[in-house]
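Only one structure is covered here, and it is reproduced in the block below.
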Amino acid sequence: MATITVERKPLSLLERTYIPNIVAGLTTTFKRMVKPTETLQYPEQRPAIPTGYRGVPTLVNDPHGREKCVSCQLCEFVCPPKAIRITPGEIANDDPNAHVEKRPKAFEIDMLRCIYCGLCQEVCPEEAIFLQNQYSMTGYTRAEMVNNKDRLYELGGTLPDQHYKWDKKKTAAEAASRGGHH
Amino acid sequence: MDFSLYFDLPLWFRLVLQGTIVILVLFPLAAACSMAERKISAWIQGRPGPNRTIPPFLAWIPGINIIRNLGLFQLAADGGKFTFKEDPVPGNVNKFYFILAPILSMIPALSTISFVPFGAYFTTLADGTKHLVPIMLARTDLGLLAVFAVSSLGVYSLILAGWASNSKYPFLGGVRASAQLISYELSMTLSILPVFLWVNAPGGEGTLSLFDVVQTQSQPGFLGGMWYIFLMPVSAFVFLVALFAETNRQPFDMPESESDLVGGFHTEYGAFKWSLFFVAEYAHMIVGSGIFCLLFLGGWNPLPWVSLGSFINLAAGVLPCVASPLFMGVIGITFFLLKVGFFIFFFMWVRWTLPRFRYDQVMNLGWKKLLPISIANLIFYAVAIAVKDLCFPNL
């Protein structure tokens, strides 16, 4: 039998009066009382966000101010709650970013559907969508809770980039137009 | 200062004025205790407690954040809310008694204070001798007996509330309240009998006046200036425990026990009627701690072996104005309120430390522990006082 019989000692007279334990308890609570409080005064003080935090999904620009999203719609397809809607748009030939493949005409993330899983960030081949530190999404209407493209770029800002993919494409394209071997 | 204008008023008018002033202090003080309770529970749990409420038109005043952080505006907001919110009366209650109960709870809570002295001052008699006069509403020899008689009426409001609510949890709360309050009243009364055995010397004029109890703790000499908590610690302990039970405070809040009875006797109550129950509970606490301080902690005397009179005489050497009756009264009341304040704090400190006793534990403790202890204590002091009076009459 895997039973252990614990011998319970009868309480001593002092223990039966409860007094020593009451005094010990009062000491504990008094110590707690004089300690500083643990509470964060929220709207004024903000919590420290740990790295890798998955907040509101945002779209980011590269350091040269270009949209990184090329509206490949992978995130839209992978999104488990179907929170993302992308309308792809062409880039005109006279546009300064003409060498970029495409850009979204509209990009909407419904934050009432989003489950902050981060699959969109993981799936994005262009490193254009990131779940950043923004954790507080509020609104008075359903429409307010849908982040459109402008809002997504505003939340996302610019993130450092190692690749400069479109710079390389641009130089390659320019070299080709000058008659290189490309 | 000349107060002859005040003393020219008819007696009934002065009494009404005094009574109104005392109630006007006691009622908000009892309400403020609810904020103290919330603050102390918050500090014990590592929270700041209510600290956000402020009327926007006052926010510009520098330093007002201290009041805001103490939650005093929250208190005012709560008071306003309780006064104006809808006061529902459930369908199946006995309406008359349901409404009567909270009113009844206020009557003993506010009227016991009239027998409690809260300070004293010297008046000079016609022959030039100084005479200590208590500051209290009704100076009777009944004193403590009147307090006990009136305050024990408080249980009727709980029973009435529990019964009139016509619902099982309030009913259980009411039953528990009656059983608990009646059981602990016994040990409470027995525990303070040694004090009055000691105060009333054989052959002298008998008194139950709380003022006289304080007077016997303010005499010169080692025994004369001793507070009764040192002389009769067991009495003080039993009285304190019974006081917790009588005021329905944790760990004895059987009538309420919100974890098993929803809210106990006040489950069906809301809004203003509910708040009346709470003000009554805190008023009982204030009066109860006041009586503890008078009986065992020397009332308004600043320190053991230092009476208010000698303290004032000492202070008057530095600041002569202190000896005026007005100043002395204020100083006495301040010392008294400090002690009462400490006990209010102690009540709350214990509440947020200890879990609630089970109902059978409460009954066991009351009948099988406290009652025998208080009877043994009474016999011990009766014998000890007799031996002292017979063998050492000069001590």
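Any chance you could check the Cα centroid distance between segment B:1-38 and segment B:357-379 for me, in angstrom?
38
Placing one identical point scatterer on every Cα of the protein assembly as shown and ignoring solvent, what is log10 I(q)/I(0) from the Debye formula at q = 0.05, 0.08 Å⁻¹?
With one equal scatterer per Cα and no solvent, log10 I(q)/I(0) is -0.39, -0.74.
With all protein chains present, how much of the accessible area of segment B:95-391 (probe radius 1.4 Å) comes from carbon and sulfur, to the nearest whole percent? Intermediate values should be presented prior to the final figure.
Values: 9030 of 12300 Å².
With neighbouring chains kept in place, the figure for segment B:95-391 is 73 percent.
Per residue, how large is the accessible surface of chain B? Use a 1.4 angstrom probe and give square angstrom.
Values: 18890 Å² over 395 residues.
Accessible area per residue: 48 Å².
Net charge near B:Ser259: determine it from the other residues with C-beta under 12 Å of the C-beta of B:Ser259, scoring Lys and Arg +1 and Asp and Glu -1.
On the way: positive: B:Arg356, B:Arg358; negative: B:Asp253, B:Glu256, B:Glu258, B:Asp260.
Around B:Ser259, the charge tally is -2.
Take the Cα pairs of segment B:306-388, get the Kirkwood Rh, then feed it into Stokes-Einstein at 25 °C and 0.890 mPa s and tell me D in µm²/s.
Rounded to a whole number, D works out at 143 µm²/s.
How many Å² of accessible surface get buried when A and B come together, counting both sides, probe radius 1.4 Å, rounded to the nearest 100? If you can, show how the numbers build up before the last one.
Numbers: alone 13330 and 19590 Å², together 31510 Å².
What A and B bury together is about 1400 Å².
How tilted is helix A:19-34 with respect to the longest principal axis of chain A? Cα atoms for both, answer in degrees (0 to 90, nearest 10).
30
Under a point-charge model restricted to the Cβ atoms of Lys and Arg (+1) and Asp and Glu (-1), what is the dipole moment magnitude of the protein assembly as shown relative to its Cα centre, in debye to the nearest 20? Don't skip to the answer; put the middle values down first.
On the way: 46 positive and 42 negative charges, 160 e Å.
Dipole about the Cα centre, nearest 20: 780 debye.
Rounded to the nearest 0.05, what FRET efficiency do A:Ser12 and A:Lys169 have when you use their Cβ-Cβ distance and R0 = 56 Å? List each step's numbers first, then the result.
On the way: r = 84 Å, r/R0 = 1.50.
Step by step, r from the Cβ atoms, then E = 0.10.
What pairs in A:Lys102/A:Lys149; A:Lys9/B:Lys368; A:Lys9/A:Lys35; A:Lys68/A:Lys169 have C-alpha atoms more than 24 Å from each other?
On the way: A:Lys102/A:Lys149 15 Å; A:Lys9/B:Lys368 22 Å; A:Lys9/A:Lys35 36 Å; A:Lys68/A:Lys169 13 Å.
Going by Cα-Cα distance, A:Lys9/A:Lys35 fall outside the 24 Å limit.
What whole-number distance in Å separates the alpha-carbon centres of segment B:45-60 and segment B:177-248?
Going from one Cα centre to the other spans 42 Å.
Quote the accessible area belonging to A:Glu44 in square angstrom, nearest 10, computed with a 1.4 Å probe and with ligands, DNA and RNA left uncounted.
Here the residue's solvent-accessible area equals roughly 120 Å².
Of A:Leu152, A:Leu59, A:Thr141, whose Cα points farthest to the positive end of the dipole of segment A:57-157 (charges on the beta-carbon: +1 Lys, Arg; -1 Asp, Glu; origin at the Cα centre)?
A:Thr141
Have a look at A:Cys75, A:Gln45, A:Leu119 and report the one farthest towards the positive end of the charge dipole of chain A, computed about the Cα centre with Cβ charges (Lys/Arg +1, Asp/Glu -1).
Looking along the dipole axis, the top candidate is A:Gln45.
Between B:Phe13 and B:Thr124, take the C-beta separation as r, use R0 = 22 Å, and let me know the FRET efficiency to the nearest 0.05.
Details: r = 26 Å, r/R0 = 1.16.
The computed FRET efficiency comes out at 0.30.
Calculate, in whole percent, how much of the Cα-Cα pair population of segment A:1-91 lies beyond 23 Å. Display every interim value, and only then the final one.
Numbers: 2784 of 4095 pairs.
Of all Cα-Cα distances in segment A:1-91, 68 percent exceed 23 Å.
State the dimensionless ratio Rg/Rh of segment B:72-128 (Rg: radius of gyration of Cα atoms; Rh: Kirkwood radius). The partial results should precede the final answer.
On the way: Rg = 20.8 Å, Rh = 16.1 Å.
So for segment B:72-128, dividing Rg by the Kirkwood Rh gives 1.29.
Charges only on Cβ, +1 for Lys and Arg, -1 for Asp and Glu: so what's the dipole of chain B about the Cα centre, in debye to the nearest 20?
Numbers: 22 positive and 20 negative charges, 182 e Å.
The calculation lands at about 880 debye.
Could you work out how far apart the two model spin labels at A:Ala98 and B:Asn94 are, taking each label as a point 7 Å from the Cα in the direction of the beta carbon, and quote it in nm?
Modelled inter-label distance: 9.4 nm.
Just the number please: accessible area per residue for segment A:40-153, 1.4 Å probe, all protein chains included, in Å². Could the numbers behind the result be given before it?
Details: 6650 Å² over 114 residues.
Heavy-atom accessible area per residue stands at 58 Å².
Could you tell me the calculated FRET efficiency between A:Ile91 and A:Ile115, based on Cβ-Cβ distance and R0 = 22 angstrom, to the nearest 0.05?
Numbers: r = 32 Å, r/R0 = 1.45.
Efficiency, rounded to the nearest 0.05: 0.10.
Ratio to report: Rg/Rh of segment A:57-157, with Cα atoms as the point set and Rh obtained by the Kirkwood method; give two decimals. Before the final figure, lay out the partial values.
Numbers: Rg = 13.3 Å, Rh = 13.9 Å.
Answer for segment A:57-157: 0.96.
For chain B, what is the relative contact order in percent, using Cα pairs closer than 8 Å and at least 6 residues apart in sequence?
Values: 558 pairs, mean separation 82.7, N = 395.
The normalised contact order for chain B reaches 21 percent.
State the percent of C-alpha pairs, over all pairs in segment B:219-291, separated by a distance greater than 18 angstrom.
Details: 1417 of 2628 pairs.
Here the tail beyond 18 Å accounts for 54 percent of pairs.
So which residues in segment B:42-80 end up with at least 10 square angstrom less accessible surface once the other protein chains are there, compared with the chain by itself, probe 1.4 angstrom?
Going by heavy-atom accessible area, the residues of segment B:42-80 that drop by at least 10 Å² are B:Trp43, B:Ile44, B:Gly46, B:Arg47, B:Pro48, B:Asn51, B:Arg52.
Can you run phi through the Karplus equation (6.51, -1.76, 1.60; θ = phi - 60°) for segment B:349-362 and list ³J(HN,Hα) in whole Hz, with x for Gly and Pro?
In residue order, the calculated couplings are 4, 5, 4, 8, 10, 9, x, 6, 5, 6, 4, 5, 5, 4 Hz.
What is the dipole size for segment A:57-157, taken about its Cα centre, with +1 at each Lys and Arg Cβ and -1 at each Asp and Glu Cβ, in debye to the nearest 20? If you can, show how the numbers build up before the last one.
Working: 11 positive and 15 negative charges, 71 e Å.
Dipole magnitude for segment A:57-157 comes out near 340 debye.
What are the aspartates and glutamates whose alpha-carbon lies under 19 Å from the alpha-carbon of A:Lys168, with same-chain residues fewer than 8 places away excluded?
A:Asp62, A:Glu67, A:Asp94, A:Asp95, A:Glu101, A:Glu126, A:Glu127
On the first, second and third principal axes, largest extent first, how far apart are the outermost C-alpha atoms of chain A in Å?
102, 49, 31
As I understand it, the value is the acute angle between the Cα axis of helix A:165-177 and the longest principal axis of the Cα atoms of chain A; what does it come to in degrees, rounded to 10?
Helix A:165-177 sits roughly 10 degrees off the main axis of chain A.
What would the Debye equation give as log₁₀ I(q)/I(0) for segment B:196-327 at q = 0.11, 0.16, 0.20 Å⁻¹, counting only Cα atoms as equal point scatterers?
Once normalised to I(0) and log-transformed, intensities are -0.58, -0.89, -1.11.
Using just the C-alpha positions of segment B:121-254 as equal point scatterers, what log10 of I(q)/I(0) does the Debye formula give at each q in 0.16, 0.22 1/Å?
-0.93, -1.33
Roughly how compact is segment A:83-124, stated as its Cα Rg over 2.2 N^0.38 Å to two decimals?
1.48
7 Å from Cα along Cα→Cβ at both B:Val318 and A:Met1: what's the point-to-point distance in nm?
7.4
Where does segment B:95-391 land on Rg/Rh, using Cα atoms and the Kirkwood Rh? It would help to have the intermediate numbers written out before the result.
On the way: Rg = 20.6 Å, Rh = 20.3 Å.
So for segment B:95-391, dividing Rg by the Kirkwood Rh gives 1.01.
The values are calculated or read from the model by the stated rules, or taken from the named source; none is laboratory data. Keep in mind that what you see is a predicted model, and the values were worked out from it rather than measured. All Cβ positions, even for glycine, are placed from backbone atoms using ideal geometry, and neighbour counts span all protein chains on display. The protein model used for the area step is the full one, side chains on, heavy atoms only, and it has no ligands, DNA or RNA in it. Shrake-Rupley method; radii C 1.70, N 1.55, O 1.52, S 1.80 Å.
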